[in-house]
Structure formats: structure tokens, C-alpha cells
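Everything on this sheet refers to the single structure shown next.
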């Protein structure tokens, strides 16, 4: 303890502030990443929708582009979707083995309707998408979109914002069948950033050692050498840059969806 107290006393305010900042980053982001890893959700549109139940009804909700998003799934397979001020559905997703395309194994037969309208009939293979009853894949992502202000075109035809935000059939199927959940945050990424952070902590605590290390093999009588004012300035800038870099990398480790 005495050695640590002596080391702390010899430091100027700049080194102390950076050390405190590094310690806060390491501990705060460890807690945040650990909490994120243990909060699974449905990946949707580059964000996560978090599940909960309302009686027997499953709900997945979150925010996308700063607007509330919500899928609701009843035990009977009825799916509704809300995005901001727009409401969609209810859609009915029903399993039907007779809808599986011929010569297509490993699929789930499905029929999707909205009211009296049949939207889809065919098969679904997790991770592979939807196949129509005749065996042809359903290309839902083949549309070409253009935007200018509040005007949206799909395949050269103007559409409304409500049409643009409408959920895809694959989204409805995935939610209705019980999606595989994922989470934000990577403890492995946190560990990698922490290794960089610890190197910076050591540099701040033992600048003399790292100065002599940089001269090893280039200068005789290393123990008698003294750093120039220019070297000290660059050293302090490096500490600050590494502190800010770790902050950005920790944030990325927290926000990544894995």
C-alpha cells in the first residue's frame, strides 16, 4: 500500500485524471456489457426488440430509428405490428404441412392470411427463407428503393411511408414461430479493449520504464538518458488518445449485436 500511495503522490493531476478515467471505463463497461449479454432480444432492422409476455401473448418491442416498434403474437398465430403511428395486421400465420413445395425437404408448411386475403402459401426453412407452393423462392429483398425528402419510390413506383414500413412475410413467420434470440455486447471484445487499456495504464504509471524501453538497443547508458520536452508532450498526447480510443472501442463492444 505504501508503494502505491507513493506512486500516486508522485503523479501530477493529468496522470491521475487519466488513470481514474481508465479505471471508470474498464469497470463501467464491464458491468454494462455483462448486463447487455444477459438481456436477449430479437434482432430486427439493426436493433433489438425485447420479449415479454402479456398473459399468453408474446410481445417483442423496442425502438427503431427513434420510433417505437412492437410485434404482438397470440397463441393462435395472429401477428400484429406497430411502428410509430402505423398499425399493421392482424396477420394469421398457420402451419399447413400440405403447403410444403414438392421435393423440398426440411421445411415447415405455412399459410399467411390477412382477413380473407391469402398473402402466402408454401414452405419456410429457417435461415433460408420462404418458398412458394410451386417451389420458387420468394424474393422479398429484390426491390429497389429511392428516397427524396418524404417521397419514396419502390421499383420506380411511388409508395407511401406506410407501405415502406410494412413488415415482410419472413419477419411475420420468424416472429410467429418463436425466433432465435440474440443479444448486444461482447465480453470477448471487452477483454480485447481492456488489454489495450491496461497497456495505457502501465504507460501512465511507469513513463520512465517505457522511455528507457524505447531507447533500448539504440542508446548507451540508457539509465542516464532524460526525455526531452517534445518527447514528454507526445507521450501525454498518446495517453489521452489511447484513453479516448478505448472509450470508443468499449462503446462498440457494448453496442455490437452478436
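Each value in this text was obtained by applying a stated rule to the coordinates, not by laboratory testing. None of the values given here were measured: they were computed from a predicted structure. Neighbour counts are summed over all protein chains in view; Cβ atoms, including those assigned to glycine, are modelled from backbone coordinates with ideal geometry.
For the chain, relative contact order (Cα pairs under 8 Å, six or more residues apart, normalised by length) works out to 19 percent.
Taking every Cα-Cα distance in the range 41-119 and sorting them into 5 Å bins from zero, the calculated P(r) comes out as 3, 14, 19, 20, 18, 15, 8, 4, 1 percent. By the equivalent-ellipsoid construction on the alpha carbon gyration tensor, the range 42-177 comes out with semi-axes of 25, 21, 13 Å, ordered largest to smallest. For the chain, the longest principal axis of the alpha carbon atoms and the long axis of helix 187-205 meet at an angle near 20°. The fewest-to-most ranking of 249, 198 by surrounding Cβ atoms within 10 Å reads 198, 249.
Pairwise alpha-carbon distances in the chain exceed 28 Å for 57% of all pairs.
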